[in-house]
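The values are calculated or read from the model by the stated rules, or taken from the named source; none is laboratory data. Remember, predicted model here, so these are calculated numbers, not experimental data. Because the Cβ atoms are built from the backbone with ideal geometry, glycine has one as well, and the counts that use them run over all protein chains shown.
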Amino acid sequence: MRIVDVEAIAISAPNPAGTYWGKATWGGAADRGPLAHWRPLRFPHPGRMRPSYARGFETTLVRLETDTGLVGWGEAKAPVAPRVAKAVVDDLLRDLLLGADPRRVEPLWETLYASMRLRGHASGFLLEAISGVDIALWDLAGKAVGAPVHQLLGGAYRDRIPVYASGVPATLDPPGAPDHERMLAAASGARERGFHGLKMAIGLDPRADVASVADVRAHLGEGFELFADAAGNYDVDTAVRVGRELERLGVGFFEAPLPHEFIDGYAEVARAVAIPLANDVITQRFQVLDYLKRGALQVVQPDVCRAGGITELRRIGVLADAFGVACTPHVSIGSAIHFVASFHVASALPNLVRHEFWFGENPLGDVLLKRPALALVDGAVAVPDGPGLGIEVDEAKVRALALPTGDGA
């Protein structure tokens, strides 16, 4: 079996909610973003932690076809500039894949990674593009033998993945104000949809952040799980103070308290607080290893479409397990392929504790599939058990969302 066609498809759909929760919290929105509210002379400067977000939902899908007629689908995480990930696949990776046996998944991963290794491209668009190819390779490998991906990974520990809802932005407003009511209503909405836990987006202002979490805790009660994500917006001292307050409020983990480059700072915070520290801004296993050797994380949050696909997500999960560290895969926005690929790995990891699941209306979710695969039942989502990823992509719907290419793009 040989690969005869490699295609990357950049797609986009409007956000039904208007603004993605990450953009509303950390994207520098004029009405409530961190640049408008952060105190002067604060470290890190908020401009450092101001990520770019698209207006709608964007990503890049990868389609591999073999000489036997089998087709595999993957996804490169591209919440912004999806044509860049597409260009990496089209202009760099495609020639390395044509004619290859898609069942040689790990050797092909190393071939793709080596293509820019000497140039220091260890993360970002290259690794995201590799992620899309790798997921499609695993889909093909499973289809070739008639087995689901999680079986190829050694077998499932669970057939349902416990998920938490993300995300509910904290507020700078006092109780009774409109934005405060928005926060509580969003928290109630997660519970009403069947989630048993949710993650809050903090990192706007330490006092307001703690007050927001406390208000949501009081609103939902002690039996509901809470997690908090600061997106790297604190310094060490602030992270310690906030971490101790979050611990008092029963928060399950404290995500990204510092910029992810400051690994020694993570270790310092980890020594000072009891709440588990987590980080989703981690890519390949070598970066994760630096954290683990310094005792800087208690929860790893690799993203299957950011970290190098199913191959690298599994490597990271197994590595973390060897250090006694839990794995809670990251999935914020993306297509159904993104979620399902991550669920397959999660089902085969012994150290899985929870899995992220964006709880808004996703125009790239089940709508792209011929049969739904993302139904939430009692706080968990079933792992597909069909061959490969176990889903059937509706190609016509994918192509209807494709962004134009060429000079008129």
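Odds and ends about this structure:
- Scanning the range 188-202 for residues that are touching a residue at least 12 places away in the same chain (Cβ under 8 Å) and within 15 Å of GLY379 (Cβ to Cβ) yields GLY189, ALA190, ARG191, ARG193, GLY194, PHE195, HIS196, GLY197, LEU198, LYS199.
- Test: residue in the range 123-144 that is farther than 13 Å from LEU313 by Cβ and in a strand (DSSP E or B): no
- Lone unmet requirement of (1) crowded, with 18+ Cβ neighbours inside 10 Å; (2) within 18 Å of HIS121 (Cα to Cα) for ASP290: (1)
- Taking residues in the range 229-247 that are touching a residue at least 40 places away in the same chain (Cβ under 8 Å) and on the phi > 0 side of the Ramachandran plot, and partners anywhere that are basic (Lys, Arg) and not in a strand (DSSP E or B), the pairs with Cβ atoms closer than 9 Å and at least 6 places apart or on different chains are GLY232/ARG48.
- At least 2 residues being within 26 Å of LEU376 (Cα to Cα), assigned by TED's automatic domain parsing to the domain that holds ASP385 and of a type outside the set (D, E, K, R) is the threshold, and among the helices (runs of 4 or more DSSP H) wholly inside the range 265-361 those reaching it are 309-322, 336-347.
- Residue-level analysis places VAL304 among those that are touching a strand residue (DSSP E or B) at 6+ places or on another chain (Cβ under 9 Å), in contact (Cβ under 8 Å) with a residue 24 or more places away in the chain, among the β-branched types (Val, Ile, Thr) and more than 23 Å from PRO44 (Cα to Cα).
- Within the range 324-362, restricting attention to residues that are modelled with pLDDT of 95 or more and surrounded by fewer than 17 Cβ atoms within 10 Å (Cβ to Cβ), the residue that is nearest to ARG158 (Cα to Cα) is PRO350.
- Of the residues screened, ASP264 is not one that is within 18 Å of ASP205 (Cβ to Cβ), over 23 Å from the mean Cα position of the chain (by Cα) and not basic (Lys, Arg).
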